[in-house]
Amino acid sequence: MDAPIRIDGSSTVSPMLSAAIQTYVRKSIARRLDLHGTGTTDGFRCFCAGQPNIANDSRPINSKELKACANNDSLI
């Protein structure tokens, strides 16, 4: 089995994303989706370090975070 798709970020967006994931999983045989709501800033920090596959957020990425992603060749 393939590794799960990891999603991290906004704790305010996570409940809505969780509901969407549940619907997606019921209709799909795709890989497992692991969702963590650590907060937008921590989600961006982890994403720019290459940890989760997807970052969800409740605000735009700031210039410091964008630079960290660029320095680590993280995709945005």
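Which of (1) on the phi < 0 side of the Ramachandran plot; (2) surrounded by 14 or more Cβ atoms within 10 Å (Cβ to Cβ); (3) out of contact with any Lys or Arg (no Cβ under 7 Å at 6 or more places or on another chain) does Y24 not meet, given it meets every other one?
Only one criterion is unmet by Y24, namely (2).
Here are the criteria: (1) out of contact with any strand residue (DSSP E or B) (no Cβ under 8 Å at 6 or more places or on another chain); (2) polar (S, T, N, Q); (3) not in a helix (DSSP H, G or I). Tell me which single one T38 does not satisfy.
The single condition T38 does not satisfy is (1).
Considering each residue of region 42-76, count those that are in contact (Cβ under 8 Å) with a residue 12 or more places away in the chain and surrounded by 14 or more Cβ atoms within 10 Å (Cβ to Cβ), and give that number.
The number of residues fulfilling the criteria is 19.
Pick from region 1-14 the residues that are within 17 Å of R32 (Cα to Cα) and out of contact with any Cys (no Cβ under 6 Å at 6 or more places or on another chain): which of them is surrounded by the fewest Cβ atoms within 10 Å (Cβ to Cβ)?
Here the answer is M1.
Read-outs: derived from the displayed coordinates by stated rules, not from any lab. If you're wondering where the values come from, they're calculated on a predicted model, not measured in any experiment. With ideal geometry, Cβ positions are generated from the backbone for all residues, glycine too; neighbour counts draw on all protein chains shown.
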